[in-house]
Amino acid sequence: MALIVHKYGGTSMGSTERIKNVARRVAKWHDAGHQIVVVPSAMSGETNRLLGLAKEISGQPDPREIDMLASTGEQASVALLAIALQSIGKDAVSYTGWQVPIVTDSAYTKARIQSIDDAKVKKDLNAGRIVIITGFQGMDDAGNITTLGRGGSDTSAVAVAAALKADECLIYTDVDGVYTTDPRVVSDARRLKTVTFEEMLEMASLGSKVLQIRSVEFAGNYRMPTRVLSSLTDPMIPLEEEAQSGTLISFEEDTHMEQATITGIAFSRDEAKITIRGVPDKPGIAFQILGPVAEANVEVDMIIQNISVDGKTDFTFTVPRGDYDKSMKIIDDGVKPSLGASDVVGDNKVSKVSVVGVGMRSHVGIASQMFRTLSEEGINIQMISTSEIKISVLIDEKYMELAVRALHKAFGLEKD
Ligand code: ADP
Ligand code: ASP
Ligand code: MG
């Protein structure tokens, strides 16, 4: 007997028919003698629908109320799944994040999990029940409902698995694993049997939304065996076959089976770039520019400072596109006058494309191959950033898909 956490995403929970299939699949695992905890997302489109309603009423809805609203999508899902399981004779119970409770900090819309109480869940499991817990949400110390950021049910699932010391966390989704790049952009992308934890972390942080980055961090911190697999197969396929399908996140570098130098191409469409020109080049300048942006809870990504001319320099950084207006306002209204900068310009139509692979450590020439490929396509690189296992470039958003396809081909990642 093992304790296994299943996570089902929005598409997997997308209709009552799909929810019945999820119930059959979960029942199959339970019938095989395992203890099962299920963490579902809201039905596909529901979170967007709810957020859209708030936007119809107010341009700047209060984040606390946003979380109150957005968390309801998952509450409906857990109840429907419990009803589906009960209707096929299974003993199942559903809980919201605050019933467990899953305690988070108070950063509405991007809260971080601080602790999970396993007592109630363990008691139910030991009584033979299937336990269903809402993804995406928790509660802060004061009892306010919080949510974990878009795609946050992945994180709920891995965090619940870690708290329960589960044997495995299975992330069921609408693709049958992690691919060399998003298979919706490159049709001959190849599925990876395994991906190292570090590569998955880079891919998630660089925009591959197949897993939310914090879920990968949890998997790494707790060494939780985590597998990405399809929820759209026949729910009654043999359990042994299903258990080996998809992509396993591996923690052993030596078991990296696909020996390619580059493992995958990640991209993030929704980036924005801000340049502040003519700032005095003196100690503390980066802090004075980026401090107020960080204080507004905006994550700055790429940063470039030019060499100075006559004691003045230009400073450029990128932020998620959703934070562009807020960041521009901070720089324009506060930082520019206080530093006496000459000018602020922005571009919110840029995207980031990255090549990722642990094999880069032992290979030279990856960057030049990447830059050559982009130049052959006539794509201008605006910013570059690198780490040991990734190279990212910022480009005009209209060339993003072209860049991804060209790089996927240039690095030989397509199916055999
Ligand atoms: P869920 O609702 O199950 O959480 P998501 O839409 O959040 O599903 O994530 C799955 C999607 O991630 C896929 O449909 C695919 O388009 C996208 N994706 C992006 N990069 C990759 C990748 N490298 N491998 C597989 N899927 C990817
Ligand atoms: N329902 C939430 C979202 O759409 C969480 C998730 O699907 O993981 O972002
Ligand atoms: Mg997701």
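The values are calculated or read from the model by the stated rules, or taken from the named source; none is laboratory data. Since we're looking at a predicted model, the values are computed, not measured. Backbone-built Cβ (ideal geometry, glycine too); neighbour counts: all protein chains shown. Accessible surface areas use protein heavy atoms only, side chains included; no ligands, DNA or RNA. Shrake-Rupley method; radii C 1.70, N 1.55, O 1.52, S 1.80 Å.
Worth a mention:
- Between 0 and 90°, nearest 10: helix 16-31 axis offset from the chain longest Cα axis: 60 degrees
- Sparse-neighbourhood loop sites, trypsin sites (Lys or Arg not before Pro) in region 135-228 - DSSP loop, at most 13 other Cβ within 10 angstrom: 165, 184, 223
- Convex hull of region 18-149 built on C-alpha atoms - directionally averaged projected area, nm²: 8.0 nm²
- Lysines with Cα under 21 Å of residue 123, excluding same-chain neighbours fewer than 8 positions away: 7, 90, 165
- Cα long-axis angle, helix 400-410 against the chain (0 to 90 degrees, to the nearest 10): 80 degrees
- Once the GluC sites (Glu not before Pro) in DSSP loops with at most 10 neighbouring Cβ atoms within 10 Å are cut out of the chain, the longest remaining piece is 1-251.
- Summed over the residues of region 1-147 and divided among them, the accessible surface reaches 43 Å² per residue at a probe radius of 1.4 Å.
- Debye-sum result for region 1-82 in log10 I(q)/I(0), which assumes one identical scatterer on each alpha carbon, at q = 0.23, 0.27 Å⁻¹: -1.01, -1.21
- Using R0 = 51 Å, the C-beta based FRET efficiency linking residue 269 and residue 126 works out to 0.65.
- Heavy-atom accessible surface of the chain: percent carbon and sulfur, 1.4 Å: 50 percent
- For the chain, the longest principal axis of the alpha carbon atoms and the long axis of helix 46-57 meet at an angle near 50°.
- Between region 24-76 and region 122-160, the alpha-carbon center distance in angstrom: 11 Å
- Taking only the Cα atoms of region 214-309, the radius of gyration and Dmax are 22.1, 68 Å.
- Equivalent ellipsoid, the chain (semi-axes from 5 times Cα gyration tensor eigenvalues, Å): 39, 27, 18
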